[in-house]
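Have a look at the structure below, then the notes.
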Amino acid sequence: MVFRTKTDRWIENGKEQTCDLVDPDKFGEHDYDEEGTSDCKHFCGCWAGPARSGGPVNPFGRCPKNPITPEKRMVELHKDARDLNDRLEKDFKTINNLENKVKVLLGKVELHGKECRRLRKVLSLHESKAAGEYWVWQGDGNDHLESLSGAVLIQADDLRILKEKSDA
Ligand SMILES: [Zn+2]
């Protein structure tokens, strides 16, 4: 492996090369193995591991052997677009799930509200009964339903008659 310093110049492919060319707009990053210590896969002479690193240029900067060509730039842009699309899809799924959960919870809240109102009515009846505050239905034509409020004690037969009248 040839180690070069930052100021070295060398000829490669008939062109003069220099480490000073490591421009972030023109060169991509070094490419090491995920684990352990390895040389950069672009053969730039840099190497890096968990504890130590080195090379002719900054081993964690841009790689002078990894030029960004328009094709590579296009591939990167396409990958970015796909990643963004994937993230958006995930976000939409999360939002959909949350919306469904909110719908279920709202349904439960409505059911609890109905049950609460029903129990209040039952409680109110029992309170009226306990306090003796209720109208006893006479069924003799002297009951004025429209002016009554609160609880009414009524024979089932009389209630059926009232129901038949209202159904008719
Ligand atoms: Zn490299």
- Query: Can you name the strands (runs of 3 or more DSSP E) wholly within the range 24-143 that have at least 3 residues being within 16 Å of the ligand (Cβ to nearest atom)?
  - Reply: 27-29, 62-67
- Kindly list, by first and then second residue, each pair from a residue in the range 65-87 that is touching a residue at least 12 places away in the same chain (Cβ under 8 Å) to a residue that is part of a helix (DSSP H, G or I), limited to pairs with Cβ atoms under 9 Å and residues at least 6 apart or on different chains. N66/K72; P67/L21; I68/E76
- Report whether or not N58 is touching a residue at least 24 places away in the same chain (Cβ under 8 Å) and out of contact with any strand residue (DSSP E or B) (no Cβ under 9 Å at 6 or more places or on another chain). yes
- Unique residue being assigned by TED's automatic domain parsing to the domain that holds L159 and over 30 Å from G28 (Cβ atoms) when the list is E110, E146, E127, E115: E146
- Message: Looking only at the range 2-23, count every residue that is among the aromatic types (F, W, Y) and either modelled with pLDDT of 70 or more or in a loop (DSSP other than H, G, I, E, B) (or both) and tell me the total.
- Response: 1
- Query: Within the set of pairs 6+ apart or on separate chains, which have a first residue in the range 141-168 that is under 26 Å from E127 (Cβ atoms), a second that is among the basic types (K, R) and surrounded by 10 or more Cβ atoms within 10 Å (Cβ to Cβ), and C-beta atoms under 7 Å apart?
  - Reply: A151/K129
- Looking at the range 133-151, is at least one residue surrounded by fewer than 10 Cβ atoms within 10 Å (Cβ to Cβ) and within 53 Å of the chain's Cα centre (by Cα)? yes
- Name, by its number, the condition in (1) surrounded by fewer than 12 Cβ atoms within 10 Å (Cβ to Cβ); (2) under 20 Å from R73 (Cα atoms) that does not hold for E34. (2)
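The values are calculated or read from the model by the stated rules, or taken from the named source; none is laboratory data. Quick caveat: nothing in here was measured; it's all calculated off a predicted structure. All Cβ positions, glycine included, derive from the backbone under ideal geometry; neighbour counts span all protein chains shown.
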